[in-house]
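Step one of this worksheet: look at the structure below.
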Amino acid sequence: MPDAGASAGRWREIVAAFASRRVLVVGDVMLDEYIWGRVSRISPEAPVPVVQVTGESYYPGGAANVARNLREFTPHVAVMGMVGTGAHGGRLLALLGEAGIDTSAVLRGAAPTIVKSRIIARHQQVVRVDRESRQPLTAAQTAEAAGHLDRLVPAADALIVADYGKGFVTQPLADHISEAARRHGKVLTVDPHPHTSIAWSGATAMKPNRAEAFLAAGLPPSDPVLPVLADGALLEAGRRLRLLWNPGSLLITLGEQGMLLLEGEAPPCHLPTCAKDIFDVSGAGDTAIAVLTLALTSGATAAEAARLANRASGIVVGKLGTATATAAELETGWMAP
């Protein structure tokens with residue numbers, strides 16, 4: 001599975017190396033709240049279901065979920081972002097701390113912590129409620145973040161930028177990240193957000209999804225009605241993004257169509273989805289960039305890393321909620337395409 005003819009031993013070798021890797025995640029951290037309940041009737045006030053709450057669960061979300069995914073494979077994970085001073089920020093920091101994730105680079109700000117609340121009934125999401133305030137970093141906060149980068153990057157093997165467009169990743173911070181990664185020779189992978197207009201150049205890998213790829217490339221949205229390698233609009237978006245970002249490799253995630261890898265002079269490579277069942281796509285992109293990055297720091301080629309990321313994404317969409325994949329789950333599918 002790491003490539004078409006790779007042995008199970010090769011896959012084991014790559015995944016086994018994950019445990020020693022040190023990764024810093026930078027981006028918009030969030031708290032994911034799940035409200036679980038039962039539906040037995042429709043409200044007399046409006047044609048909506050009445051959910052009787054039976055439980056609540058909380059998980060790290062956004063960039064914090066990327067860190068959570070990494071933590072399944074390595075104990076050496078740090079995260080940088082911004083939380084508020086209220087109860088939600090405290091809960092998120094506690095969850096990360098309990099998971100063994102280094103939060104020493106998380107800034108505390110006046111804006112409330114970003115919270116995404118999902119109400120689940122009968123194993124289906126009824127509604128999602130977002131509480132957020134999009135405020136870019138101030139000059140003082142950027143300087144504080146830069147200081148944390150200078151402290152953490154030398155000991156890291158890789159940096160992941162998870163930009164959700166909520167304000168933490170600004171151009172000055174992006175420039176500092178890129179410069180630090182180049183100066184210290186670190187792997188840099190970026191999950192970009194097209195609405196932030198951040199200029200990235202020379203990252204090891206960039207991982208937009210299909211909609212983000214079209215937006216960032218300046219092309220109108222295009223529905224996935226053609227086979228991937230026959231989709232001229234998608235291939236053109238990829239061509240433009242390679243010119244715009246100049247990454248070592250470009251991996252476009254395509255939902256039920258899998259992924260498209262563009263690298264160097266190699267022909268475009270389509271990786272069909274590995275998902276057997278799709279229950280919840282929440283966080284699948286976080287899993288993909290976590291595994292992609294770990295693989296790139298563990299001796300994998302871009303094609304091998306993309307195949308592992310594709311496998312991991314296929315695992316998590318088969319679970320309900322913001323889920324993660326494990327090394328054991330990856331290994332159970334090493335003979336799959």
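Data for the structure
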quantity: Every residue from segment 35-48 that is in contact (Cβ under 8 Å) with a residue 12 or more places away in the chain and among the polar types (S, T, N, Q); calculated: Ser40
quantity: Sole residue being modelled with pLDDT under 95, over 28 Å from Val51 (Cβ atoms), under 21 Å from the mean Cα position of the chain (by Cα) and of a type in the set (D, E, K, R), chosen from Arg128, Arg134; calculated: Arg134
quantity: Members of segment 78-103 found to be among the hydroxyl-bearing types (Ser, Thr, Tyr) and at pLDDT below 95, listed by number; calculated: Thr85
quantity: Single condition Pro75 does not satisfy, out of (1) surrounded by 15 or more Cβ atoms within 10 Å (Cβ to Cβ); (2) modelled with pLDDT of 95 or more; calculated: (1)
quantity: Pairs with Cβ under 6 Å, 6+ apart, first in segment 1-26 and farther than 22 Å from Ala162 by Cβ, second modelled with pLDDT of 75 or more and of a type in the set (Asp, Glu); calculated: Pro2/Glu304; Asp3/Glu304
quantity: Exclusive hit being out of contact with any Phe, Trp or Tyr (no Cβ under 7 Å at 6 or more places or on another chain) and at pLDDT 95 or above, set Ala121, Ala111, Ala143; calculated: Ala143
quantity: Residue satisfying condition, being of a type in the set (S, T, N, Q) and part of a strand (DSSP E or B), within set Gln135, Gln141, Gln125; calculated: Gln125
quantity: Every pair of residues 6+ apart whose Cβ atoms lie under 6 Å, when the first sits in segment 254-266 and is modelled with pLDDT under 95 and surrounded by fewer than 20 Cβ atoms within 10 Å (Cβ to Cβ) while the second is hydrophobic (A, V, I, L, M, F, W, C) and assigned to a helix (DSSP H, G or I); calculated: Gln257/Val228
quantity: So Val51, is it closer than 30 Å to Phe18 by Cα, touching a strand residue (DSSP E or B) at 6+ places or on another chain (Cβ under 8 Å), β-branched (Val, Ile, Thr) and touching a residue at least 40 places away in the same chain (Cβ under 8 Å); calculated: no
quantity: Neighbours by Cβ (under 6 Å, 6+ apart or cross-chain): first from segment 107-131, buried (at least 17 other Cβ atoms within 10 Å of the Cβ); second among the β-branched types (Val, Ile, Thr); calculated: Thr113/Val83; Ile119/Ile35; Ile119/Val51; Ile119/Val126; Ile119/Val127; Ala121/Val39; Ala121/Val51
quantity: Pairs, first in a helix (DSSP H, G or I) in segment 221-235, second at pLDDT below 95, C-beta under 6 Å, six or more apart; calculated: Val228/Gln257; Ala233/Ser222
quantity: Positions within segment 179-209 being part of a helix (DSSP H, G or I), modelled with pLDDT of 95 or more and closer than 21 Å to Thr287 by Cα, in sequence order; calculated: none
quantity: Segment 19-39, residues that are surrounded by fewer than 23 Cβ atoms within 10 Å (Cβ to Cβ) and within 25 Å of Ala300 (Cα to Cα); calculated: Ala19, Ser20, Arg21, Arg22
quantity: Some residue of segment 245-252 being under 23 Å from Val161 (Cα atoms), touching a residue at least 24 places away in the same chain (Cβ under 8 Å), of a type in the set (S, T, N, Q) and not in a loop (DSSP other than H, G, I, E, B); calculated: yes
quantity: Pick from segment 132-148, criterion closer than 22 Å to His176 by Cβ and of a type in the set (Gly, Ala, Ser), ranking: surrounded by the most Cβ atoms within 10 Å (Cβ to Cβ); calculated: Ala145
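The values are calculated or read from the model by the stated rules, or taken from the named source; none is laboratory data. Computed from a predicted structure; not experimentally measured. Here Cβ is always computed from backbone atoms with ideal geometry, including for glycine, and neighbour counts include all displayed protein chains.
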